[in-house]
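K.L.:
Quick one: structure below, then a few questions.
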Amino acid sequence: MAERGAQPDPQLFATEEVPKERVHVLLPMPVGDGYDYVLTAGMTAPPGSFVIVPLGPREMVGVVWPEPTDPDLPERKLKPVSEVIDAPPLSADVMAFVDWVANYTISPRGTVLRLVMRSGQQLSPPKPQTGYIRAEVPDSLRMTSAREKVLDMTSETPLTAAELAREAGVSDGVVRGLAEAGGLQAIEIDPDPPFGAPDPDRKGRALSPLQAEAAEHLTAAVREERYSAWVIDGVTGSGKTEVYLEAIAETLRLRPSTQICILLPEIALTLPFLKRIEERFGAAAAHWHSDVSSAERRRVWRRVAEGQARLVVGARSALFLPYTDLALIVVDEEHEAAYKQHDGVLYQGRDMAVARGALGNFPVLLVSATPSLETLANVEEGRYGLVSLPSRFGPATLPDTDIVDMRAHPPEKGRWLSPKVIEAVNETLGRQEQVLLYLNRRGYAPVTLCRKCGERMTAPHSDTWLVEHRYSNRLVCHHTGYSIPKPDHCPHCGAADSLTPCGPGVERIAEEAKETWPDAKIEILSSDMLMGPGAAKSLLKRMTEGEIDILVATQAAAKGHNFPNLTLVAAVDADLGLAGGDLRAAERTFQTLSQVSGRAGRAAKKGRVLLQSYQPENPVIAALARGDRDGFAEAELEGRAALGFPPYGRLAAVILSGENEQKLNEVARALAGVVPHAEGVEVWGPAPAPLYRLRGTYRLRFLVKTTRRVSIQSVLDEWLSRIKIPASIRKTVDVDPYTFT
Ligand SMILES: Nc1ncnc2c1ncn2[C@@H]1O[C@H](COP(=O)(O)OP(=O)(O)OP(=O)(O)O)[C@@H](O)[C@H]1O
Ligand SMILES: [Zn+2]
């Protein structure tokens, strides 16, 4: 410090002696854990600010993270922040969430931050656009037929030159020329128009007493303004959605700044849901998932970051939007495996939603007719509250379910529908009602064999089967996406016309149905039949309006749809999901078949469900026939508890993969040599993953199981750090795995 009497120049004093403010900046990349930088004079960058910083030869956008900088680093070693971006900073909640997810999933924080930041392009200010409306046309204006066409297309909503030109079928030049001549008035268009303000006090539907009671529990939870988790457990068609719309309304009433995130497991469900939101609140919700255009995603991101968009409907990735005042999350169809992310950061959206609520201190609602066993266990242990809707709304009742014992009533040779089902379909069609034939298998046949040499068709360098699709006349691999036109000679032995489809897919069932009911209108609904959301929408509309007699469908039809005239659902192969060593096989089969069954008889007419099964005594099939969900769940939970499986234990998978099989085996053996031996920890493997060979890569798997008292993350961290894994071997850690392929 300078001595007093010397009267130093205060300016000099300030710049020379006061150390520059340091910030820790997290970067959206998988390596490193962020770096310290200094702010230059005049810069302010509170935690959460987006900044541009130098990184080696490049510049990168990162976020000022709320954590201490390293005091031992000398200032001269620190690079200055290049720029503070003019965008709202991330909230403390969002940053805490990034840290939490990274920790839980054992992912680098930078990779999780990337889920929040996306490409970062949305951070630069939008390019203003010019739109045109019709002007007071001056007398001097020279009219041409092209100009006239443009004027015909104008309205009160400004359109860009390109849009006007397209609509009028003329060149952009005509539009510009007309504008210059004074025939059009230019207006600046907001490229990211704000979302309408939702009105919670618009009248919703009148709730039944049961629904009103359920809604009251939830609105009370919302008014507490603190974390709680609730399960809305209601049979299909009970009005769970109506009930949670009330909780959303109450959240909107809390403050003008509150935001609500509603997660749906499937893109196909979002469109009808958006319509329902708009009807209820008089404003469209922001819509977020991978199929939304990049311009729209940019708009949603920015409007959410400003706190302007209050209602967001989307896929699991909507959890990572930069909310400013998130106050409620709804996870609809919470039991859906689709909430699990399968690449990059391997997170379970439902579980992360609950964590987000706890970090942000607001309620989370989990909604399902068949809650996951994890969720049921959480209710039983008092961590989640429960709201039940045990009966359907209005006159509708739950359908009767019967098993068709395929051993007693087999189909004709080369066919798949039992005479029992054919009879029921005849009756239903006779009453002018609709039928759903459910089979969760896309394509024509799941396996294609050569009759001559017995060769099973697989994708190249993979253990995956090729599935015949007649609709496109191709053989397709559903795992790798590989596809070829169906060959007319066996690629293995060269025999002509020897390739034979084995087993049924929806296309084959539709073929059988067309032969059996030649006069019926029959269509297929399966994710690969739909050319896009438009085609899906039109098919669902035709089904809703009763224009289709028999819908042959995969899981795509199982969820959320209301087909009022559908009274018969027949599962072609109810046993399908039961085989295989998957932990959740029974649970998932029960859930999907309940969901599909739930499509029958949703309006005034009584529904009926038939389950074709070769193992009617199987507990899953038997429980479905009894309509005994709770009995099933109890038995299944007991089984899981006895084995220490989730939800009563923790599970993680470690998958090693590489092209060099020998090297892979060496690494796996080395890891196996240092497995942790601690109480409450078990490690199985290495074992070949069920799909051992995929696209020329070999895959070995370890499974780690711990008790709930053990932090599985610490166990994995410690174990995996004991061996240096060479770059040629890829290591994937999946905490709470859902697929065991
Ligand atoms: N209070 C109500 N007034 C009028 N219609 C209602 C009411 N409650 C539910 N419905 C109607 O009943 C049907 C089922 O309701 P909703 O979709 O909310 O049920 P859900 O429990 O979410 O169904 P699912 O789980 O099968 O998708 C819908 O068509 C809905 O409009
Ligand atoms: Zn052959």
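Every read-out reported here was derived from the displayed coordinates using simple, explicitly stated rules and does not represent laboratory data. Bear in mind the structure is a predicted one, so any value in this text is a computation, not a measurement. Neighbour counts run over all protein chains shown; Cβ positions are idealised from the backbone, glycine included.
K.L.:
Have a look at Leu386, Val84, Leu664 and report the one farthest towards the positive end of the charge dipole of the chain, computed about the Cα centre with Cβ charges (Lys/Arg +1, Asp/Glu -1).
P.N.:
Leu664
K.L.:
How big is the stretch 649-735 by Rg and Dmax over its Cα atoms, in Å?
P.N.:
For the stretch 649-735, the Cα-based Rg and Dmax read 12.7, 39 Å.
K.L.:
Out of Val364, His287, Leu269, whose Cα points farthest toward the positive end of the dipole of the chain (charges: +1 Lys, Arg; -1 Asp, Glu; placed on Cβ)?
P.N.:
Highest projection toward the positive end goes to Leu269.
K.L.:
Starting from the Kirkwood Rh over alpha-carbon pairs, what translational D in µm² s⁻¹ does the stretch 21-117 have by Stokes-Einstein at 25 °C and 0.890 mPa s?
P.N.:
182
K.L.:
Here is a follow-up. Given 25 °C and 0.890 mPa s, how large is the Stokes-Einstein diffusion coefficient of the stretch 451-544 in µm²/s, with Rh as the Kirkwood radius over Cα pairs?
P.N.:
160
K.L.:
Going by a ≥ b ≥ c, the root eigenvalues of the Cα gyration tensor, does the stretch 209-389 fall in the rounded group (a/c under 1.5), the prolate group (a/b larger than b/c) or the oblate group?
P.N.:
Here the stretch 209-389 falls in the rounded category.
K.L.:
Charges at C-beta only: +1 for Lys and Arg, -1 for Asp and Glu. How large is the resulting dipole of the chain about its Cα centre, in Debye rounded to 20?
P.N.:
Approximately 1280 debye in magnitude.
K.L.:
I'd like the FRET efficiency for Ser140 and Ala197, computed as 1/(1 + (r/R0)^6) with the beta carbon distance as r and R0 of 30 Å, rounded to 0.05.
P.N.:
0.10
K.L.:
What's the longest bit of the chain with no exposed GluC sites (Glu not before Pro), using DSSP loop states and at most 10 other Cβ atoms within 10 Å as the test?
P.N.:
So the longest stretch without any such site is 382-616.
K.L.:
What is the Cα coordinate range of the stretch 589-741 on the first, second and third principal axes, sorted by size from largest, in whole angstrom?
P.N.:
64, 38, 27
K.L.:
Which semi-axis lengths, in whole Å and largest first, follow from the square roots of five times the eigenvalues of the Cα gyration tensor of the stretch 129-189?
P.N.:
The three semi-axes for the stretch 129-189 are 15, 13, 9 Å.
K.L.:
Any chance you could run the full-extension gain for Glu634 through Arg176? It's 0.36 nm times the residue separation minus the Cα-Cα distance, nm to one decimal.
P.N.:
Answer, rounded to one decimal: 157.8 nm.
K.L.:
Once the piece of chain linking Ala96 and Ala579 is laid out straight, how much longer is it, given 0.36 nm per residue of separation minus the C-alpha distance between them?
P.N.:
Taking 0.36 nm per residue and subtracting the Cα distance, the gain is 169.8 nm.
K.L.:
Hey, another quick one. Do any cysteines in the chain lack another Cys Cβ under 4.7 Å, and if so which?
P.N.:
When partners are defined as cysteine Cβ atoms under 4.7 Å apart, the chain leaves Cys261, Cys477, Cys502 without one.
K.L.:
Stretch Asp72-Glu279 to full length: gain in nm at 0.36 nm per residue minus the Cα-Cα span?
P.N.:
Separation in residues times 0.36 nm, less the Cα-Cα distance, equals 68.6 nm.
K.L.:
Could you work out how far apart the two model spin labels at Arg431 and His409 are, taking each label as a point 7 Å from the Cα in the direction of the beta carbon, and quote it in nm?
P.N.:
The modelled label-to-label distance comes out at 1.6 nm.
K.L.:
Would you work out which of Pro647, Thr157, Val170 lies farthest towards the positive end of the dipole of the chain, given +1 charges on the beta-carbon of Lys and Arg and -1 on that of Asp and Glu, about the Cα centre?
P.N.:
Val170
K.L.:
Kirkwood hydrodynamic radius for the stretch 318-459: how many Å is it when counted over pairs of different Cα atoms?
P.N.:
One decimal place: 20.5 Å for the Kirkwood radius.
K.L.:
When the helix-only estimate is applied to the chain (DSSP H runs of n ≥ 4, each -39,500 (n - 2.57), divided by the residue count), what is the mean residue ellipticity at 222 nm, nearest 500 deg cm²/dmol?
P.N.:
That calculation yields -9500 deg cm²/dmol at 222 nm.
K.L.:
Here is a follow-up. Starting at 0 and stepping by 20 Å, how many percent of the alpha carbon pairs of the chain end up in each bin?
P.N.:
That works out to 14, 41, 35, 10, 1, 0, in percent per bin.
K.L.:
Taking the alpha-carbon distance from Lys79 and a cut-off under 25 Å, which lysines remain once sequence neighbours fewer than 8 residues away in the same chain are dropped?
P.N.:
Candidates past the 8-residue exclusion: Lys20.
K.L.:
Additional query: Run the quick spin-label model on Ala496 and Lys514: label points 7 Å from Cα toward the beta carbon, then report their separation in nm to one decimal.
P.N.:
Taking the simple label geometry, Ala496 and Lys514 are separated by 2.6 nm.
K.L.:
Separate question: Convert each backbone phi in the stretch 390-401 into a coupling constant with the Karplus relation 6.51 cos²θ - 1.76 cosθ + 1.60 (shift: θ = phi - 60°), then list the ³J(HN,Hα) values in order as whole Hz, x for Gly and Pro.
P.N.:
Each residue's phi maps through the Karplus curve to give x, 9, 5, 6, x, x, 5, 10, 6, x, 7, 10 Hz.
K.L.:
With charges only on Cβ, +1 for K and R and -1 for D and E, what is the dipole size of the stretch 146-277 about its Cα centre, in debye, rounded to 20?
P.N.:
240
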